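Step one of this worksheet: look at the structure below.
The values are calculated or read from the model by the stated rules, or taken from the named source; none is laboratory data. Only a predicted model underlies this, so the values are computations on that prediction, with no experimental measurement involved. Note that each Cβ is placed from the backbone with ideal geometry, even for glycine, and that neighbours are counted across all protein chains shown. What goes into the accessible areas is simple: the full protein's heavy atoms, side chains included, and nothing from ligands, DNA or RNA. Shrake-Rupley method; radii C 1.70, N 1.55, O 1.52, S 1.80 Å.
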Amino acid sequence: MSKFLRPLIAVGFLGGLVLVAQPASAQDAANGEKIFKRCSACHAVGPGAKNKSGPTLNGVVERKAAAVEGFRYSKAMTEAGKNGLAWTEEHLSEFLAAPRKKVKGTKMAFAGLKKDKEIADIIAYLRQFADDGSAAKPEQANADGAIQSNPGMAEAEPEANASEAEMAEETKKQQQTGAGEDVAAAPKAEIADGAGESVDASAGDEEAAGQDVAMAPPPPSGGPMNIGRPALEDEIAAWDIDVRPDGKGLPEGSGTVAEGEGIYDERCASCHGAFGEGEGRWPVLAGGQGTLTDERPEKTIGSYWPYLSTVYDYVHRAMPFGDARSLTDDETYAVTAYLLYLNDLVKDDFELNSKNFSGIDLPNHDGFKPDDRQSEPQNAENAQAELCMKDCKEGPAEITMRARVLDVTPDNADSDEQDELGEGAID
Amino acid sequence: MVESAKARGRIPNARRQFLKAGLTAAGGTLAVASGVKAAQPDPKITEIQDWNRYLGDGVDASPYGSPSQFEADIVRRNVPWLTADATSSVNFTPLYALDGTITPSGLCFERHHGGVAVINPADHRLMIHGLVDRPLVFTMDDLKRFPRENRVYFLECAANSGMEWRGAQLNGCQFTHGMIHNVEYTGIPLRFILEEAGVKADAKWLLAEGADAAAMTRSIPIEKVMDDCLIAFKMNGEALRPEQGYPVRLVVPGWEGNMWIKWLRRLELGDKPWAQREETSKYTDLLANGVARRHTWVMDVKSVVTNPSPQAPLTHSKGRTVATGLAWSGHGRIAKVDVSIDGGRNWSEARLEGGTSKGVYRFYHDFDWDGAELFLQSRAIDEAGNVQPTKDQLRAERGENSIYHNNGIQTWHVRQDGVTENVEVS
């Protein structure tokens, strides 16, 4: 639809319109919505949904594969679309059951849904969204799958259309007057937020929520230049979530391995694998103990990380990837407990809480030392006073090794050699 | 517009074909017109060219100008199979196509851990709290009331050349060395912000945090903070690019790029480091004996020849030529750079042009090429006396699993036909 709508992050703004038109099997779709949590780290649906690490899935049912403009599909998916693959119920079901079997070389790092019912439900759910994320027309959202026309032509609810048009107008105005200027009212500010360039990751929710704090003339900072204003306690609490190895910053709370398993399977396993082994090239979280002196060490929480506080802190601030800050304190305790369990460090009846947290040492706790690079021979106090300039080595230079990858942006993105090279190369 | 877009598509293709041909032509010489063909007059001179007759675009054809359409191939590039997803990935500065010392803003490599945050400066806040007398909040307007400075610094990712630990891998200095850029920053000494809040005596560390979806955090010792760190909002005179942390980022001169928190929103003072993910799981250097170094902040002395290099082969036959490259050190200034054309048997001192302390230096080695194969190397020495080591020396000290801080000497093999390849030599 309108280009102006694409950048909108209309959180809870138009969200209410999504379910206006109920498909025949409303219950299936409702269940599908739950299952969609497993997809939502990578895909968004609904009005204003943007591409994340996967394309937006608005209007995807019955559409050609690889049809979202501006999304960089894998070569495999692009080819499949060109060769006529369309997401009919049948093809979509096969894809969701085993993505990499259906489209060999797809970059969707998702193992697949095991149950036919889950697949049917999620398709019922996805059917509800027209191309622009508005509710698809009831006859088009019919669960029989008797759709002939292109859902891309589906019209949005008239009401939705009107308000969207208004918002598009607003956005345009914002863009003309320069989105950077003083935005007073909250809704407008939300529009301005998204009016920048379109990127994969949306700005954090706090950014959208955190406006309009300093409306009254602020009290002076009291510092030497008297710039800024005092930070309020609530403001500090909202941002200060860091946890130190000595336990400073750890909130009250608890969570068990069993609770953690549920959360992990739903919100983490699609990328990190059911056992923390890592799907595709997503990070490995478990295993690898005793490999640090191997030719290819596997660095995980159990094999490499020195402190448990880092696990809590990092998961709480940055995971699940693409939906940061969405876990509660207790959920974070539970997932942390489960990650300990996946690394064989606790039993399955373990509960992690603010009391026992600091008592837990990770196996590689003592595996680190300070930076002593300056003691190496090439560095200042050791470097030879006189550098060799002439006849420094005997005989002519012989090639001992050649570049292993001549064409650095290869067509086949999945050869074993590249996997081997890529592993841990740039993190 | 449409016309030039077409041209954009064509030119780079032709160029890539040329490079490919160069790489595969076994031993053949490059069929590139060089020098003067005396026999026939050059039609580019004797015929009147379109651009010499017809008018070009007027002013405002491109209100924020962009490079010539003939430079369309000079872009940041990534290596998609290195990482799982573009939102947690890296691309590389095309060093082979640049000269001088300043990196154009749009070509500065990108590395993000949660995509590029898009932040309206009116919505941005910077908070300082922890072991301070007065926890404070600043808006962008507030920040612009502090005294500011202009400084040129390099930013190098600690993992630059990280792919090369196990031996020559990627064919091009863009990929082997392109996680570096060098720009002029306009910013506020971080010291002023701390003084505004009043630092308590037991504050020994600063935690800096970004506002992006990774909420990136790093611990920095207070001595460094008070020494030369900046809070920058301009690069090369213009606003920071979004991918470089717009509207405001931290500048930590000479130290690894990951510490230069982008989209900077929070500064916390404390008495101990925080052991965040990027200073434990990542950015620690695993040695051969299984022990890892941590807090390896400084970027060591390093250099690389950028031309010729695999993406910029020699296109002329024997005769006068220029080898050029970059040198830098997180310890300060570069004292000298030596260049070898025979794989480290003999060295000559290169000519340095431009450069700043903890910034990039440009070096040139002008010489007559006799048409024989070359093994080009460069070796930098900084003012503290640190010498850039060979890759073998580094491996002997550290093993092959360090990932970070590979400052070893790079070798390019220039063949008689000018084609250039990443190699290691005896």
Quick check on my filter: what residues within the range A:115-145 are open to solvent by 40 Å² or more (accessible area, probe 1.4 Å) and either modelled with pLDDT of 90 or more or within 20 Å of A:Cys39 (Cα to Cα) (or both)?
A:Lys115, A:Asp116, A:Lys117, A:Ala120, A:Asp131
Go through the residues of the range B:368-383 one by one and say whether even a single one is of a type outside the set (Val, Ile, Thr), within 18 Å of B:Glu256 (Cα to Cα) and crowded, with 21+ Cβ neighbours inside 10 Å.
yes
Just wondering, is there one or more residues in the range A:26-42 that are at pLDDT 90 or above, buried (at least 21 other Cβ atoms within 10 Å of the Cβ) and part of a loop (DSSP other than H, G, I, E, B)?
no
Is it the case, given these coordinates, that A:Gly223 is touching an Asp or Glu at 6+ places or on another chain (Cβ under 6 Å) and without any contact (Cβ under 8 Å) to a residue 24 or more places away in the chain?
yes
Got a number for residues in the range A:378-402 being outside any strand (DSSP E or B), within 7 Å of chain B (Cβ to nearest Cβ) and more than 16 Å from B:Trp347 (Cβ to Cβ)?
3
How many residues of the range B:240-276 are in a strand (DSSP E or B) and within 19 Å of the chain's Cα centre (by Cα)? The answer is 4
Of the conditions (1) in contact with a helix residue (DSSP H, G or I) (Cβ under 6 Å, 6 or more places away or on another chain); (2) touching a residue at least 12 places away in the same chain (Cβ under 8 Å), A:Glu94 clears all except one; give me its number.
(2)
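Listed here are the residues, each with its yes/no results for (1) of a type outside the set (Gly, Ala, Ser); (2) surrounded by fewer than 22 Cβ atoms within 10 Å (Cβ to Cβ); (3) within 15 Å of B:Leu230 (Cβ to Cβ).
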residue	(1), (2), (3)
B:Arg145	yes, yes, no
B:Tyr153	yes, no, yes
B:Met163	yes, no, no
B:Gly172	no, no, no
B:His181	yes, no, no
B:Gly187	no, no, yes
B:Ala203	no, yes, no
B:Gly210	no, no, no
What number of residues within the range A:83-98 are open to solvent by less than 40 Å² (accessible area, probe 1.4 Å), at pLDDT 90 or above and under 22 Å from the mean Cα position of the chain (by Cα)?
2
From the residues in the range A:267-290 that are away from chain B (no Cβ under 13 Å) and under 14 Å from the mean Cα position of the chain (by Cα), which one is most open to solvent (accessible area, probe 1.4 Å)?
A:Arg267
Matching option when the condition is more than 8 Å from chain A (Cβ to nearest Cβ) and under 28 Å from B:Val79 (Cα atoms), among B:Gly187, B:Gly178
B:Gly178
Which residue, of A:Asp330, A:Asp313, A:Asp294, is within 10 Å of chain B (Cβ to nearest Cβ), acidic (Asp, Glu) and open to solvent by 30 Å² or more (accessible area, probe 1.4 Å)?
A:Asp294
So, in the range B:314-348, exactly how many residues are outside any strand (DSSP E or B) and under 24 Å from B:Met179 (Cβ atoms)?
5
Residues of the range B:339-367 classified as within 14 Å of chain A (Cβ to nearest Cβ) and open to solvent by 40 Å² or more (accessible area, probe 1.4 Å), total
5
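Table: residues versus (1) open to solvent by less than 30 Å² (accessible area, probe 1.4 Å); (2) small (Gly, Ala, Ser); (3) farther than 25 Å from A:Asp240 by Cα; (4) touching a helix residue (DSSP H, G or I) at 6+ places or on another chain (Cβ under 7 Å).
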site: A:Arg317; (1), (2), (3), (4): yes, no, no, no
site: A:Leu339; (1), (2), (3), (4): yes, no, no, yes
site: A:Asp372; (1), (2), (3), (4): no, no, yes, no
site: A:Asn379; (1), (2), (3), (4): yes, no, yes, yes
site: A:Ala383; (1), (2), (3), (4): yes, yes, yes, no
site: A:Leu387; (1), (2), (3), (4): no, no, yes, no
Expected output for the range A:279-291 (first residue at pLDDT 95 or above, partner basic (Lys, Arg), Cβ below 7 Å, 6+ apart or cross-chain) is A:Gly288/A:Lys299
Which pairs do you get when a residue that is more than 20 Å from B:Gln410 (Cα to Cα), found in the range B:314-325, comes within reach of a residue that is exposed (fewer than 14 other Cβ atoms within 10 Å of the Cβ) and of a type in the set (A, V, I, L, M), reach meaning Cβ atoms under 6 angstrom, with the pair 6+ apart or on two chains?
B:Thr315/B:Val32
Considering residues that are part of a helix (DSSP H, G or I) and over 19 Å from A:Arg317 (Cα atoms), the number found within the range A:247-264 is 5
If only one of B:Ser357, B:Ser378 is outside any strand (DSSP E or B) and under 24 Å from A:Gln374 (Cα atoms), which one is it?
B:Ser357
For B:Asn386, indicate whether it is open to solvent by 10 Å² or more (accessible area, probe 1.4 Å), outside the structural domain of B:His181 (by TED's automatic domain parsing) and among the polar types (S, T, N, Q).
no
Hits in the range B:242-285 (condition: free of Cβ contacts under 8 Å to residues at least 24 places away in the same chain and more than 9 Å from chain A (Cβ to nearest Cβ))
B:Arg249
What pairs can you find where one residue is in the range A:229-255 and within 11 Å of another protein chain (Cβ to nearest Cβ), the other is part of a loop (DSSP other than H, G, I, E, B) and of a type in the set (Ser, Thr, Tyr), and their Cβ atoms are less than 9 Å apart, with a gap of 6+ or different chains?
A:Arg229/A:Ser221; A:Pro230/A:Ser221; A:Arg244/A:Tyr307; A:Pro245/A:Tyr307
When you scan the range B:277-287, do you find a residue that is more than 17 Å from the chain's Cα centre (by Cα), polar (S, T, N, Q) and in a strand (DSSP E or B), even just one?
no
So how many residues does the range B:310-331 have that are in contact with a Ser or Thr (Cβ under 7 Å, 6 or more places away or on another chain) and open to solvent by less than 20 Å² (accessible area, probe 1.4 Å)?
6
Can you find a residue in the range B:148-155 that is within 12 Å of another protein chain (Cβ to nearest Cβ) and either over 28 Å from A:His316 (Cα atoms) or aliphatic (A, V, I, L, M) (or both)?
no
